[in-house]
Amino acid sequence: MRSSTREARDGSVYGTTQGTGQLFRYRPARDELEMLGPAWQRGDYVTVCELSPDERFLYYLPGAHGGAFRQGTPVVQYEIATGRRKVLAFLARAFEQAHNYVPAGTYGMKVSADGGTLYVNFNGHAADGTRPAHMRPNGFALCSFAAIHIPASER
């Protein structure tokens, strides 16, 4: 196990596995583990996932250890009832164009009480055009914070 949510009202805990990047549901009262499939692409590293306040969705950002930018820094929403994964946004290009900063992964995330905002702290790096020549694009070195609006139609 690499990450987990708070316990849902039905006693379930959701999370991701370390090496294989799989989503899971664990029911402690029954000691029952259900694998829900890949969080994103095979073996992606997800360090934090959050359960929406209404317990309808899981939110997570794959590629936590500096590699998220290689896939566009996706923000993933997983609908629990259907097993449907949807990317709400790819943040890398938008951040780079607007701020000369590339978000490359996260170890911290929270969903607002109304489910309308996802708060994420990122570790990232300067965009190619502003990064000193001796600094390689390793995904780390600069931190940032984002408040990502989730439209009512998406929650």
Notebook entry, point to check: Just in region 56-150: which chymotrypsin sites (Phe, Trp or Tyr not before Pro) are loop by DSSP and have at most 15 other Cβ atoms within 10 Å?
Noted result: PHE140
Checklist line | Exposure ranking of CYS143, CYS49 by accessible area [1.4 Å probe, largest first] | finding: CYS143, CYS49
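What do you reckon, how do ARG42, ARG85 stack up by accessible area (1.4 Å probe), largest on top?
Largest to smallest exposure gives the sequence ARG42, ARG85.
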Notebook entry, point to check: Taking Cα pairs under 8 Å and at least six residues apart, what relative contact order does the chain come out at, in percent?
Noted result: 15 percent
Checklist line | Length-normalised contact order for region 94-155 - Cα pairs under 8 Å, 6+ apart - percent | finding: 34 percent
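The values are calculated or read from the model by the stated rules, or taken from the named source; none is laboratory data. Every value quoted in this text rests on a predicted model; they were computed, and no experiment measured them. In this analysis, Cβ positions are derived from the backbone assuming ideal geometry, glycine residues included, and neighbour counts consider all displayed protein chains. Note: accessible area is taken over every heavy atom of the protein model, side chains too, but ligands, DNA and RNA are not part of it. Shrake-Rupley method; radii C 1.70, N 1.55, O 1.52, S 1.80 Å.
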